[in-house]
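Values in this text are rule-based calculations from the coordinates and carry no lab data. In this text the structure is predicted, and so the values were computed from the model without any measurement. All Cβ positions, glycine included, derive from the backbone under ideal geometry; neighbour counts span all protein chains shown.
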């Protein structure tokens, strides 16, 4: 799976996904301080799903009806860094299975999946 991990995604999550064989472009490594619009354009151009904690990607996608391969929005209140990493790893099989062509919000222990539109 090709992913674009936003700069707010922890390095251990990026490293773990890479170890699992995923092609992960991590924003701080090549696109630090890029705007959400620029990252979304990059993800679309390279057919990558976006992995983020940032609510703005949803705002941009749905307000402007922008096409993309998918977004995984992580929302985990009350979890420390190590807990977030473990939480993500636990949920990854479900996220991986449903992510393509969807906007997914994982909020603590609840998964919400919304289909994205496509050009016809």
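Among 8-15, 26-33, 45-52, what's the highest-first ranking by average C-beta atoms within 10 angstrom per residue?
For the peptides 8-15, 26-33, 45-52, the packing ranking is 45-52, 8-15, 26-33.
Restricting to Cα pairs below 8 Å that are 6+ residues apart, what does the relative contact order work out to for the chain? Please round to a whole percent.
After rounding, I find 23 percent.
So, how do all the Cα-to-Cα distances of the chain break down into 5 Å bins, in percent, from 0 on up?
Calculated over all Cα pairs of the chain, the distribution is 2, 11, 24, 26, 21, 12, 3, 0, 0 percent.
Starting from the 7 Å offset along Cα-to-Cβ, what nm value, one decimal, do you get for the label separation of residue 38 and residue 86?
3.7 nm
Distance in nm between label sites at residue 8 and residue 94, each 7 Å beyond Cα in the beta-carbon direction?
2.1 nm
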